[in-house]
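**Student:** Take this structure, written in structure tokens, and hold onto it; I'll ask about it next.
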Amino acid sequence: MSSVTTTVLQGTLWGKVATTHTGKKYYNFQGIPYAKPPVGPLRFKSPEPAEPWFRVRDATKQGIVTPQVSETTWQYMGDEDCLFLNVYTPQMPSDSSGALIPVMVWIHGGGYTVASGNTDMYGPD
């Protein structure tokens with residue numbers, strides 16, 4: 001599996017080039033923080049923008065899930081520092097002609113008690 005980098009407002013991301021089970025190539029960036037961790041004085045407040053990073057950020061691993069009890073092991077898992085998103089795209093901005101492509105936003109289910117947007121349940125394949 002090869003890698004790819006891209007730059008967003010907060011800094012540079014290092015992601016993966018992947019292939020779906022039907023053979024279509026896509027670019028995969030996971031665990032991107034979209035807000036400051038909602039802990040301490042930020043708990044129960046509106047999210048604040050994520051802090052910038054100055055080194056290349058590894059976006060090849062999924063973010064931490066919200067605090068919850070696993071439905072399979074009944075063990076506590078997760079952390080309050082859980083405001084991450086995953087981005088999957090069939091083309092990088094440098095590969096495009098400038099034409100916009102459709103965007104789908106997926107908000108996972110779980111009733112605020114279980115689940116996450118990670119690929120163990122919901123992936124781009």
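The values are calculated or read from the model by the stated rules, or taken from the named source; none is laboratory data. On a predicted model such as this, the values are computed, not experimentally measured, just so you know. Counting neighbours? That spans all protein chains shown, and the Cβs are built from the backbone with ideal geometry, glycine included. Side chains are part of the model used for accessible areas, which takes the heavy atoms of the whole protein and leaves out ligands, DNA and RNA. Shrake-Rupley method; radii C 1.70, N 1.55, O 1.52, S 1.80 Å.
**Student:** Provide the net charge surrounding THR6, with neighbours chosen by a C-beta distance below 12 Å and charges set as Lys +1, Arg +1, Asp -1, Glu -1.
**Tutor:** Net local charge, THR6 excluded: +1.
**Student:** So what is the relative contact order of region 9-91, in percent, for Cα pairs below 8 Å that sit 6 or more residues apart?
**Tutor:** Once normalised by length, the contact order is 38 percent.
**Student:** Sticking with this one: Top to bottom by accessible area (1.4 Å), largest first, where do ILE107, ILE64 land?
**Tutor:** Result, largest first: ILE107, ILE64.
**Student:** Out of (1) 12, 41, 27, 9, 6, 4, 1, 0; (2) 11, 38, 35, 14, 2; (3) 11, 37, 29, 16, 6, 1, which label holds the value of P(r) over Cα pairs in 10 Å bins from 0, in percent that was computed here?
**Tutor:** Recomputing P(r) over Cα pairs in 10 Å bins from 0, in percent here picks out (2).
**Student:** If you take every DSSP beta bridge whose two residues both sit in region 1-64, what share of them, in percent to the nearest 5, is antiparallel?
**Tutor:** 85
**Student:** Along the charge dipole of region 31-125, Cβ charges K/R +1 and D/E -1, which of GLY109, ALA35, GLY63 sits furthest on the positive end?
**Tutor:** ALA35
**Student:** Next up: How many percent of DSSP beta bridges within the chain run antiparallel, rounded to 5?
**Tutor:** Approximately 90 percent, going by the DSSP bridge assignments.
**Student:** In a GNM of the chain with a 10 Å cut-off on Cα contacts, which of VAL87, VAL103, VAL56 has the highest mean-square fluctuation?
**Tutor:** Highest fluctuation among the options: VAL103.
**Student:** When we measure straight from the Cα of LYS24, which aspartates and glutamates land under 15 angstrom away, once same-chain ones fewer than 8 places off are left out?
**Tutor:** Qualifying aspartates and glutamates at Cα under 15 Å: ASP125.
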